[in-house]
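> Input: one structure, supplied below.
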Amino acid sequence: MFLSRHMVHAFNCSLMLAFIIWVGCLQGAEALVAKSLKPFVDSKVLAGAVTLVANKEKVLSIETVGYSNVASKTAMSEDTLFWIASMSKPITGCAMMILVDEGKVSLDDPVEKYLPEFKGQMVVEKKDASQVVLKKPAHPITIRNILNHTSGMPFKTLIENPTLDLHPLATRVQSYAMVPLDFEPDTKYQYSNCGINTAGRIIEVVSGKPYEEFMKTRIFDPLGMKDTFSVPNAAQVSRIAKSYKSNRDKSDIEETLISSLRYPLDDSTRQPMPAGGFFSSARDVGQFARMVLNGGTLDGKKILSEKAVKAMTSKQTGESIATGYGVGFSTNGKTAGHGGAYSTNMTIDFEKGLVFVFMVQNAGWRNDEGKKILPAFMETASKSFGK
């Protein structure tokens, strides 16, 4: 087919116009994400946020709104860092599934197979003001139990006060083994940092590497997660968003500390917390979530098998328990993800083929308007970038 110079010019102009329209639509979609959250900043419910939306192929949007430091009016930036708290749990679950893929552990293995201190652990049969009656559990707790919160282990033990990062992981796990289970394994759901931390200790024992080293070499480095760590250095501390809570009369927000962590945050003696110790960025969390959405592989780097990802993100709590929890992941069958104590959130929507990352640092919301912030992001992002 012969095309005249004028026809080629017209064709090129059409392509350019289509490209400009496409870019404009994309920018408009991104603007809508930030716009949906700005009213919460203006009303002093939210200090600021970084949001990310991605699909299997790429990051579709990364937006910022508000401030990482309200007092200094420092604007949120794409590389602002956040304490992601319990969003660490799925990452620890991923590390365990790497060992499952390698045939080194099974989810149905008893914990005592790798940690002998758990042998002989008892369960509470009856408890009142005057006595506690213990009995032998129907079966020892398993790796599956500690990763889906059906072990009967408590949230924490007495040595994890006033903060959770005081003692070496091995010491904390020994304290867990000394405490009787609150109920028979597999019969109830009880959210337990102890369980996930115990999984972290098993990772150390089986791999022969410190928990943080295993996480870095097997997950963070391959995925390019350069801003994910337990103990920040001084430069990284300067990039961490300030944390906020409601003031006394609930008229405004005020700066606060992360109550679960010991300060200064860059103190090298602070200990890792597999259940909730990581700091990260929106982009890093997006990399991890995209790997899961892609069935365990990202940009040619295979972290997990598709079978392992399926186990992680599907309900592992049994038919008799209503709560849907997989291996470190909360799940409802269509989506999987996790929130963090200071209001961060990661959601992987398998039906829509999208990842949503919501990074803020709020220790609870000062009024009910705060509960609308995450839904506002999710709804706007879904409409803007959904199929």
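The values are calculated or read from the model by the stated rules, or taken from the named source; none is laboratory data. In this text, all values refer to a predicted model and were calculated from it rather than measured experimentally. Note: ideal-geometry Cβ built from the backbone for every residue, glycine included; neighbour counts use all protein chains shown.
> Under 7 Å between Cβ atoms, at least 6 apart or on separate chains: pull out the pairs that start in segment 248-272 with a residue that is closer than 30 Å to PHE40 by Cβ and at pLDDT 95 or above and end on any residue that is hydrophobic (A, V, I, L, M, F, W, C) and part of a strand (DSSP E or B).
Pairs that qualify, where the first residue is closer than 30 Å to PHE40 by Cβ and at pLDDT 95 or above and the partner is hydrophobic (A, V, I, L, M, F, W, C) and part of a strand (DSSP E or B), are ILE258/TRP83.
> Here is a check on your reading of the model: is THR163 of a type in the set (Ser, Thr, Tyr), in a helix (DSSP H, G or I) and at negative phi?
Taking the combined requirement at face value, the residue does not satisfy it.
> Can you tell me how many residues in segment 140-150 are within 21 Å of the chain's Cα centre (by Cα) and either under 9 Å from THR198 (Cβ atoms) or hydrophobic (A, V, I, L, M, F, W, C) (or both)?
Of the residues in that region, 3 qualify.
> In addition: GLY93 versus (1) more than 27 Å from LYS302 (Cβ to Cβ); (2) buried (at least 23 other Cβ atoms within 10 Å of the Cβ): which is the lone unmet condition?
Status for GLY93: all satisfied but (1).
> In addition: Here are some conditions: (1) in contact with a strand residue (DSSP E or B) (Cβ under 6 Å, 6 or more places away or on another chain); (2) outside any helix (DSSP H, G or I). GLU351 meets all but one. Which one does it not meet?
(1)
> Is it true that LEU265 is loosely packed, with under 15 Cβ neighbours inside 10 Å, under 20 Å from SER343 (Cβ atoms) and touching a strand residue (DSSP E or B) at 6+ places or on another chain (Cβ under 8 Å)?
Against the criterion (loosely packed, with under 15 Cβ neighbours inside 10 Å, under 20 Å from SER343 (Cβ atoms) and touching a strand residue (DSSP E or B) at 6+ places or on another chain (Cβ under 8 Å)), LEU265 does not qualify.
> Is it the case that LEU107 is in contact with a Phe, Trp or Tyr (Cβ under 8 Å, 6 or more places away or on another chain) and not acidic (Asp, Glu)?
Here the answer is no, as LEU107 does not meet what is asked.
> Assigned to a loop (DSSP other than H, G, I, E, B), modelled with pLDDT of 95 or more and out of contact with any Asp or Glu (no Cβ under 9 Å at 6 or more places or on another chain): does that describe GLU184?
Against the criterion (assigned to a loop (DSSP other than H, G, I, E, B), modelled with pLDDT of 95 or more and out of contact with any Asp or Glu (no Cβ under 9 Å at 6 or more places or on another chain)), GLU184 qualifies.
> Are any residues in segment 362-387 in contact with a helix residue (DSSP H, G or I) (Cβ under 9 Å, 6 or more places away or on another chain), crowded, with 19+ Cβ neighbours inside 10 Å and in a loop (DSSP other than H, G, I, E, B), and if so, which ones?
TRP365
> What are the residues in segment 289-330 that are buried (at least 17 other Cβ atoms within 10 Å of the Cβ), assigned to a helix (DSSP H, G or I) and not aliphatic (A, V, I, L, M), if any?
Once the filter is applied, which keeps residues that are buried (at least 17 other Cβ atoms within 10 Å of the Cβ), assigned to a helix (DSSP H, G or I) and not aliphatic (A, V, I, L, M), segment 289-330 yields ARG290, THR313.
> So, one more: Mind counting the residues in segment 152-176 that are surrounded by fewer than 16 Cβ atoms within 10 Å (Cβ to Cβ) and within 13 Å of SER192 (Cβ to Cβ)?
1
> Right, another one. If I ask for residues that are touching a Lys or Arg at 6+ places or on another chain (Cβ under 7 Å), of a type in the set (Gly, Ala, Ser) and in contact (Cβ under 8 Å) with a residue 40 or more places away in the chain, which ones from segment 317-355 would you list?
Those that are touching a Lys or Arg at 6+ places or on another chain (Cβ under 7 Å), of a type in the set (Gly, Ala, Ser) and in contact (Cβ under 8 Å) with a residue 40 or more places away in the chain: GLY326, GLY328, GLY353.
> To continue, here is another question. Please go through segment 56-104 and pick out each residue that is more than 19 Å from the chain's Cα centre (by Cα) and assigned by TED's automatic domain parsing to the domain that holds ALA199.
If the condition is that a residue be more than 19 Å from the chain's Cα centre (by Cα) and assigned by TED's automatic domain parsing to the domain that holds ALA199, then LEU99, VAL100, ASP101, GLU102, GLY103, LYS104 are the ones that fit.
> Output yes when any residue across segment 282-298 is over 15 Å from TRP83 (Cα atoms) and among the basic types (Lys, Arg), and no when none is.
Yes.
> Related question: Only residues that are of a type outside the set (S, T, N, Q), assigned to a loop (DSSP other than H, G, I, E, B), touching a strand residue (DSSP E or B) at 6+ places or on another chain (Cβ under 9 Å) and in contact (Cβ under 8 Å) with a residue 60 or more places away in the chain: list them for segment 105-147, please.
Listed by number, the list holds a single entry, LEU107.
> Next question, about the same structure. Let me spell it out: the conditions are (1) closer than 20 Å to MET96 by Cα; (2) touching a Phe, Trp or Tyr at 6+ places or on another chain (Cβ under 6 Å), and ARG201 meets all of them except one. Which number is the exception?
The one condition ARG201 does not meet is (2).
> Here's a follow-up. Kindly establish whether PRO110 is surrounded by fewer than 20 Cβ atoms within 10 Å (Cβ to Cβ) and farther than 27 Å from SER280 by Cβ.
Criteria met by PRO110.
> For the condition among the aliphatic types (A, V, I, L, M) and surrounded by fewer than 20 Cβ atoms within 10 Å (Cβ to Cβ), what is the one hit in LEU81, LEU147, LEU115?
Exactly one residue qualifies, and that residue is LEU115.
> Enumerate the pairs (first residue in segment 356-375 and of a type in the set (A, V, I, L, M, F, W, C); second residue anywhere and crowded, with 19+ Cβ neighbours inside 10 Å and part of a loop (DSSP other than H, G, I, E, B)) with beta-carbon separation below 7 Å, excluding pairs fewer than 6 apart on the same chain, so at least 6 apart or on different chains.
Correct list of pairs: PHE358/THR344; MET359/THR344; VAL360/LEU46; VAL360/SER343; VAL360/THR344; ALA363/TYR342; TRP365/VAL45; ILE373/LEU46.
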